[in-house]
Amino acid sequence: MEQKTVKITTCMRGLHKWIQAHPRKNLRGFFTIVGRDMTHNEVKRMVAYAVEKGYETEVDIPSEELAKLIDNESDIN
């Protein structure tokens, strides 16, 4: 049986609304970068930035912008 890979993306506007509705929820681990879980504050910053810039999903954010946003100079790809 052939195994298929499914790619799931997250709507940044929807996640932003969810974060506002649930301010006490810990967002650590919602996304990973360079093999590590993003922190709560990094996720909040990324989502707010994505919404502000008009990005629909996390894959729309250029890796260079994401690296600057979370102060990570490592190669993200």
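The values are calculated or read from the model by the stated rules, or taken from the named source; none is laboratory data. Keep in mind it's a predicted model, so treat the numbers as computed, not measured. Side chains included, ligands, DNA and RNA excluded: accessible areas come from the protein's heavy atoms. Shrake-Rupley method; radii C 1.70, N 1.55, O 1.52, S 1.80 Å.
Some notes on this structure:
- Ligands, DNA and RNA aside, residue 45 has an accessible area near 100 Å² when probed at 1.4 Å.
- For residue 39 and residue 22, the difference between the fully extended length at 0.36 nm per residue and the C-alpha to C-alpha distance is 4.5 nm.
- For Cα Rg over 2.2 N^0.38 Å, calculated from these coordinates, the label among (i) 1.02; (ii) 1.16; (iii) 1.37: (ii)
- Straight-distance candidates among the lysines for linking to residue 44, with alpha-carbon spacing under 26 Å and chain neighbours fewer than 8 residues away dropped: 7, 17, 25, 53, 68.
- Counting only DSSP H runs of at least 4 residues, each contributing -39500 (n - 2.57), and dividing by the residue count of the chain, the helix-based mean residue ellipticity at 222 nm comes to -12000 deg cm²/dmol.
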